[in-house]
Amino acid sequence: MIKYLLQKEFLLIRRDSFLPKLIIMFPIMIMCVMPWVMSMEVKNIVVDVVDNDRSVGSQRIVHSIEASRYFIFNGQKPTYKAALAEIESGKADVVLVIPPRFSKELVMGHRPQVLIAANAVNGTKGSMGSAYLSQIVTANVAPTAAAIQAKASTLLLYNKHQNYKLYMIPALLAIVMMLMTGFLPTLNIVGEKEAGTIEQINVTPVSKWAFILSKLIPYWLIALFVVTVCLVLAWLVYGLTPAGPLWLVYVLAMLLALFFSSFGLIISNYSDTMQQAMFVMWFFIVCIMLLSGLFTPTRSMPQWAYATTYINPMHYFIDAIRTVFIRGGAFRDVAHQIFALLGIGLFMAIWAVGSYRKNN
């Protein structure tokens, strides 16, 4: 019986004019475009300098700012008020004010105070820009301390070149899996309800388990295809391959697909229209994604928000896939996350079967 139900599902997918194109193009677009734009590295910070000293030492700082790849030097302003007006008009991000007698204070062995004023409307850009600028000033104000810091040896583990693409590609893989295996099953049963074909299934002797499995299995196979496309693109475009076992990546992806496809069917079982199902699914997707540690460390959250990660499957997947992909972790390193994903996924699958109302 389930064989013919699966055949029906694949025929529906193939005959859809849009769905096969989406399944192919969506992972390609995500993997080829997003790693270039989803970067937490802050660049192109526009800097104004107010040099009240006009000495060789102060100009050395100005030239260091001009040479930095993080800054765009916007020129020197006559007064702090004029530079602040540039920030208020959105033409500058950071202002550096060098005080009078700057070089003389350095020669006398003092540590002159330098003012850095940053536009913190964008908190990340403001804080990172101030930190970058502080490093440049410190290197010129206290060259001895800078030399000591330069002699310090820093060992970067796993992601040695601090390549942000290597950090983001596993997260993008999670986003693709979440959207493809979450929304498509959600719209499946609701679509049959709106078309009226669900009534024909309800009057047949098809069991609830067989019907739900016929809805889940096609999207698990789609998940395998999507993961393969993403891994191939990561290798071809960026030269990145998993440092750990490849089979673990597929296991984690299938467990995440089990959760989201089951969750999507649960929502569709309780929804009467596609619009209702879409809004409910989008609400949960956004909450799951933002509370998972996908973009920010979960330890930075308040304690009550961090408690939600214990039931968030995306958090377990992100933690495990980065461990396997970047650190080269083995099964024992991600066993906790695998069993957590398996338990949550099976619970949702049982709920999906139990929530399907079949009227004979």
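Can you run phi through the Karplus equation (6.51, -1.76, 1.60; θ = phi - 60°) for segment 3-19 and list ³J(HN,Hα) in whole Hz, with x for Gly and Pro?
My calculation for segment 3-19 gives 4, 6, 5, 5, 4, 5, 5, 5, 5, 5, 5, 5, 7, 5, 6, 10, 4 Hz in order.
Using packing as a proxy for protection, rank 49-60, 177-188 so that the peptide with the highest average count of other Cβ atoms within 10 Å comes first.
Final packing ranking: 177-188, 49-60.
Defining a contact as two alpha carbons under 8 Å apart and six or more residues distant in sequence, what relative contact order in percent does segment 189-340 show?
30 percent
GluC sites (Glu not before Pro), restricted to segment 1-82: which are DSSP loop and have at most 16 other Cβ atoms within 10 Å?
Numbers: sites: Glu9, Glu41, Glu66; in loops: Glu41.
Within segment 1-82, the qualifying GluC sites (Glu not before Pro) (loop, at most 16 other Cβ atoms within 10 Å) are Glu41.
Give me the lysines in straight-line cross-link reach of Lys3: C-alpha distance below 24 Å, same-chain residues under 8 apart excluded.
Lys193, Lys208, Lys215, Lys358
Tell me, Trp247, Trp351 in order of fewest to most beta-carbon neighbours within 10 Å?
Trp247, Trp351
Dividing the alpha-carbon Rg of the chain by 2.2 N^0.38 Å yields what?
1.33
Rank the residues Arg327, Arg322 as a footprinting-exposure proxy: fewest other Cβ atoms within 10 Å of their Cβ go first.
Arranged by neighbour count, lowest to highest, Arg327, Arg322 become Arg327, Arg322.
Counting other C-beta atoms within 10 Å, and keeping those with at most 14, which DSSP coil chymotrypsin sites (Phe, Trp or Tyr not before Pro) do you find in segment 251-309?
Loop-located and lightly packed - Phe295.
Go ahead and estimate [θ] at 222 nm for the chain from helices alone: -39,500 (n - 2.57) per DSSP H run with n ≥ 4, summed, over the residue count, rounded to 500.
Calculated from helices alone, the mean residue ellipticity at 222 nm is -22000 deg cm²/dmol.
Sort Ser262, Ser292, Ser127, Ser355 by Cβ crowding within 10 Å, fewest neighbours at the top.
With the sparsest Cβ surroundings first, the list reads Ser127, Ser355, Ser292, Ser262.
Taking the alpha-carbon distance from Lys91 and a cut-off under 20 Å, which lysines remain once sequence neighbours fewer than 8 residues away in the same chain are dropped?
Within the straight-line limit of under 20 Å, Lys91 reaches these lysines: Lys43, Lys77, Lys81, Lys125.
Quick one: if the Förster radius is 30 Å, what FRET efficiency do Met274 and Ser207 give, using the C-beta to C-beta distance and rounding to 0.05?
Approximately 0.70, to the nearest 0.05.
I need to check one value: relative contact order of segment 45-151, counting alpha carbon pairs closer than 8 Å and at least 6 residues apart, in percent.
Dividing the mean separation by the residue count of segment 45-151 yields 30 percent.
Take every DSSP beta bridge whose two residues both sit in the chain, then give the antiparallel share in percent to the nearest 5.
Around 30 percent antiparallel, to the nearest 5.
Cut-off under 20 Å on the C-alpha distance; same-chain residues fewer than 8 positions from Lys165 excluded. Which aspartates and glutamates are left, in chain and number order?
Glu41, Asp319
What relative contact order, as a whole-number percentage, does the chain give when Cα pairs under 8 Å and 6 or more residues apart are counted? Don't skip to the answer; put the middle values down first.
Numbers: 474 pairs, mean separation 67.2, N = 360.
Relative CO of the chain lands at 19 percent.
Each reported figure results from applying straightforward, stated rules to the coordinates on display, with no laboratory input. Bear in mind the structure is a predicted one, so any value in this text is a computation, not a measurement. FYI the Cβ positions are ideal-geometry reconstructions off the backbone, even for glycines, and counts take in every protein chain you see.
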